[in-house]
1. In square angstrom, rounded to the nearest 10, how much accessible surface does ILE51 have for a 1.4 Å probe?
2. Ordering ARG176, ARG167, ARG15 by accessible area with a probe of 1.4 Å, largest first, what comes out?
3. Could you please report the charge total around ARG169, scoring K, R as +1 and D, E as -1 over all other residues with beta-carbon less than 10 angstrom from its beta-carbon?
4. Just subtract the alpha-carbon distance of LYS14 and VAL31 from 0.36 nm times their residue separation and send over the number in nm, one decimal.
5. Among THR160, THR4, THR196, THR166, what's the order by accessible area (1.4 angstrom probe), most exposed first?
6. So, in nm, how far is label SER197 from label ASP184 when the simple model puts each one 7 Å beyond its Cα toward the Cβ?
Amino acid sequence: MARTISDEQLQLKKRARRRLIGAITLVTLMVVVLPMLLDGEPGPVSQDINIQILAQNGGSFASRVIPVPEKSGTAEAAIKPQKTEIAVPPPLPPAPKLGVDKEPAKTAAQEKTEKVTKAESKSSAYVVQLAAFSNSDKAKQLQQKLTASGIRAYTEVLKTADGEKTRVRAGPYESRDAAEKALDRMKALGMDGVVTSR
């Protein structure tokens with residue numbers, strides 16, 4: 001029992017087929033043509049522009065402005081360009097600086113203080129910081145232990161938000177390497193610290 005297809009169904013199939021072919025054609029055209037229309041690259045420049053910039057010390061230059069011809073009667077005189085020399089003034093010398101370049105003179109006391117500070121920083125620039133104690137007796141015990149081991153040590157009193165603390169430091173040492181060697185000796189004794197600048 002084969003079904004017979006009516007004319008209406010045949011017409012519907014043809015329309016569906018045509019619509020599918022039309023949709024495929026439309027999508028293909030969009031894929032091909034749309035990128036061409038929306039291409040972001042500018043087209044080639046039709047005219048080359050020649051720009052020449054003269055050096056500042058070039059002196060003079062020739063003007064390409066054609067002056068209005070006087071009544072000469074000939075057409076050639078009107079067409080022929082004339083060169084006009086224009087003198088360019090020499091470049092200006094640099095403007096003087098308005099600010100003060102020199103530092104104010106230092107007093108003898110300031111120079112002496114700077115020399116002493118520089119000498120101290122060069123000769124004793126590094127220390128080994130070991131600990132900070134709120135109990136000054138513990139700080140003195142650690143200082144004595146270091147001194148007994150042959151390591152120079154001193155204490156400093158610091159004022160903090162939690163009250164006074166006594167900091168124990170070893171040194172001063174002339175270089176970072178010397179301070180690190182001393183720190184290695186302290187580690188062998190069971191103490192730990194940090195090399196820092198004074």
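The values are calculated or read from the model by the stated rules, or taken from the named source; none is laboratory data. Values in this document were obtained by computation on a predicted structure and should not be read as measured data. Neighbour counts run over all protein chains shown; Cβ positions are idealised from the backbone, glycine included. In case anyone asks, the SASA skips ligands and DNA or RNA and just uses the protein heavy atoms, side chains included. Shrake-Rupley method; radii C 1.70, N 1.55, O 1.52, S 1.80 Å.
1. My reading of the accessible area for ILE51 is about 130 Å².
2. On the way: ARG176 105, ARG167 45, ARG15 130 Å².
If we order ARG176, ARG167, ARG15 from most to least accessible, we get ARG15, ARG176, ARG167.
3. On the way: positive: ARG152, ARG167, ARG198; negative: GLU156.
The answer is +2.
4. Numbers: separation 17, 0.36 × 17 = 6.12 nm, distance 2.59 nm.
The span from LYS14 to VAL31 would gain 3.5 nm if fully extended.
5. Details: THR160 65, THR4 120, THR196 40, THR166 15 Å².
The most accessible residue leads, giving THR4, THR160, THR196, THR166.
6. Label at SER197, label at ASP184, 2.5 nm between them.
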